[in-house]
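Worksheet: the structure to be examined is printed underneath.
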Amino acid sequence: MIAENVVFYLLAAAMALGAIGVVRTKNVVHAALYLVVVLAGGAAQFILLGQEFVAWVQVLVYIGAVIVLFLFGIMLTRAPMHPKETLDNDLRWPAAVTALFLVGILVGLLVHTFHGEKVNVTAPIRTGQITNAIFTTYIIPFEVVGVLLLGALIGAVVLARKD
Amino acid sequence: MLLNQFLILAAFLFCTGAYGVLARKHAVLVLMSIELMLAGVNLNLVAFGAFHNSELGQVFALFVLTIAAAEVGIGLAIVLLIYRNLHSADLDDVDTMKG
């Protein structure tokens, strides 16, 4: 019980620092690498919660594919990688106030609503249960998401090609 | 483990992402901040799935993951197009519609 809390707080600290790194760093490639820290930490939290399948999907899809796509985007747009240029616009302070306000409201509501509720992970969720849910109850959303991915694929090709 | 541990971490990630969306100038960094927000939402879904000892949290998290991947693909294509037309991926330069 204590061990999993220790693991949680270590991961949470790494994720929080990584998240701040994403929005604060002056090097775009470093931002992508901080994002890897956050997403890997998220995958580890999923395993801590006994939800393995989505953890490995997160590793494969996010860290494997999306980050590579981001790095492609960074290289193709010749993003600035010199620490002296600023990457923020002049809305930094209003944005910080908005974010603090939002986090204050959310934390207040969460503490008020879910005070003392415990997560008891007895056994991990089996992948078979997930596939049963997807291919019976959620088969129509699943197919729609497939069509959406096809549309996104074709759309990206059409947008990005040179003609 | 308390449920709130996960929910507050997710709220923090979401708000950090919101800050990034508002304060960042480079389009790729704005997309990364959106990914940060989606990561927070996913953590919420999975935490509630574990709380109810159900697989549905994972099912919804998978749908969010899929849509995030599609969004990044389209988003980066649009960023490339902006870069090709304006020779910069700086969102402050995209002000044609500004009055």
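All of the numbers you see were taken from the coordinates with simple rules; none came from a lab. Because the structure is predicted, anything quoted here is derived from the model rather than measured. Counting neighbours? That spans all protein chains shown, and the Cβs are built from the backbone with ideal geometry, glycine included.
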### Task
Please give the length that would be gained between A:Ile105 and A:Ala16 if that part of the chain were fully extended, namely 0.36 nm times their separation in residues minus their C-alpha to C-alpha distance (nm, one decimal).
30.2 nm
### Query
If you line up the long axis of helix B:27-51 against the longest principal axis of chain B, both from Cα atoms, how many degrees apart are they, to the nearest 10?
10
### Task
Starting from region A:38-121, pick out the trypsin sites (Lys or Arg not before Pro) whose DSSP state is loop and whose Cβ has at most 10 other Cβ atoms within 10 Å.
A:Lys84
### Summary
Simple spin-label estimate for A:Leu153/A:Trp93, 7 Å along Cα→Cβ, in nm, reads 4.9
### Summary
Counting only DSSP loop positions in region B:2-99, the trypsin sites (Lys or Arg not before Pro) whose Cβ has at most 15 other Cβ atoms within 10 Å are B:Lys98
### region A:75-149: GluC sites (Glu not before Pro) falling in loop per DSSP and having at most 16 other Cβ within 10 Å
A:Glu85, A:Glu117
### Query
How many lysine pairs in the protein assembly as shown, separated by 8 or more positions in sequence or lying on different chains, have Cα atoms less than 20 Å apart?
4
### Cα convex hull volume per residue for the protein assembly as shown (Å³)
138
#### Entry: Shielding of A:1-11 by partner chains, average beta-carbon count, 10 Å
1
### Query
Nearest 20 debye, what's the magnitude of the dipole of the protein assembly as shown about its Cα centre given +1 on Lys and Arg Cβ and -1 on Asp and Glu Cβ?
380
### Sorted by Cβ neighbour density within 10 Å, fewest at the top, the residues A:His112, A:His30
A:His112, A:His30
### Query
In deg cm²/dmol and to the nearest 500, what is the mean residue ellipticity at 222 nm of chain A if only DSSP H runs of at least 4 residues count, each as -39500 (n - 2.57), divided by the residue total?
-23000 deg cm²/dmol
### Query
Distance from the Cα centre of region B:26-89 to that of region A:120-134, in angstrom?
23
### Query
DSSP H helices in chain A with Cα extent of 27 Å or more along the helix axis and mean Kyte-Doolittle hydropathy at least 1.6?
A:2-24, A:28-48, A:92-113, A:139-160
### Task
Put one equal scatterer on each alpha carbon of chain B, apply the Debye formula with no solvent term, and list log10 I(q)/I(0) at q = 0.13, 0.15, 0.19, 0.20 1/Å to two decimals.
-0.56, -0.68, -0.91, -0.97
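For region B:3-93, give the magnitude of the charge dipole about the Cα centre (Cβ charges: +1 Lys/Arg, -1 Asp/Glu; no others), in debye to the nearest 20.
Dipole of region B:3-93, to the nearest 20 debye: 60 debye.
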### Task
For region A:20-119, give the magnitude of the charge dipole about the Cα centre (Cβ charges: +1 Lys/Arg, -1 Asp/Glu; no others), in debye to the nearest 20.
220
### Averaged over A:20-27, number of beta-carbon atoms from partner chains that fall within 10 Å
4
### Query
What is region A:53-163 by shape, rounded, prolate or oblate, if you read a ≥ b ≥ c off the alpha carbon gyration tensor as root eigenvalues and call it rounded for a/c under 1.5, prolate for a/b larger than b/c, and oblate otherwise?
oblate
